[in-house]
Amino acid sequence: MTREAFIKELKERGYSYDIERDKIVVTYGGNVHFHDLTSLPAGVVFRNKGHVHLDSLPSFPPDVTFENEGHILLNSLSSISPGIVFENKRDVFLGSLIGEWSDDWAGNIRDIDSNRLLNKMISLGLFEKRR
């Protein structure tokens, strides 16, 4: 998806955003629902006040960051490349990858924040699609 097409989607759905250098920063005051999107442009930052639902997204482009205050719902991801960062305040649902919420995953380490562990695993390429 192009940057222009994504901005058009934001406008059509009434979601506020800012442009910060080369990034599109979603700043909406509530939940952001993109149940039907199958792609995003590179350089998106979700900084909204609620949840982010990207149910149909199979993979991320480079440089996507989640700084939202709610959870993230990702039902269809088949891979996550390094450069994707989860700094959101709640947990992440990775339906196709681990089949559950990041907080409930059996691979968690006690006293280590689940998103911190998830980010480390992503940075190591553990969720990249095998070629």
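General observations
- Ser78 meets all of the listed conditions (1) at pLDDT 90 or above; (2) farther than 24 Å from Asn48 by Cα but one, namely (1).
- Being surrounded by fewer than 17 Cβ atoms within 10 Å (Cβ to Cβ), more than 21 Å from Met1 (Cα to Cα) and modelled with pLDDT under 90 is a description that does not apply to Gly30.
- The set of residues from the range 102-121 being modelled with pLDDT under 90, in contact with a strand residue (DSSP E or B) (Cβ under 9 Å, 6 or more places away or on another chain) and not polar (S, T, N, Q) comprises Asp103, Trp105, Ala106.
- From the list Ile84, Ile80, Ile122, Ile109, the lone residue that is over 20 Å from Leu37 (Cα atoms) and touching a helix residue (DSSP H, G or I) at 6+ places or on another chain (Cβ under 9 Å) is Ile109.
- If you go through the range 90-100 and pick out every residue that is touching an Asp or Glu at 6+ places or on another chain (Cβ under 6 Å) and farther than 14 Å from Leu117 by Cα, you end up with 0.
- Restricting Val85, Val64, Val52 to residues that are surrounded by fewer than 19 Cβ atoms within 10 Å (Cβ to Cβ) and under 10 Å from the mean Cα position of the chain (by Cα) narrows the list to Val85.
- Subset of the range 115-131 that is free of Cβ contacts under 8 Å to residues at least 40 places away in the same chain and polar (S, T, N, Q) - its residue that is nearest to Pro62 (Cα to Cα): Asn119
The values are calculated or read from the model by the stated rules, or taken from the named source; none is laboratory data. What you see is a predicted model; the values in this text were computed from it and never measured. For neighbour counting, all protein chains shown are included, and Cβ atoms are generated from backbone atoms with ideal geometry for every residue, glycine included.
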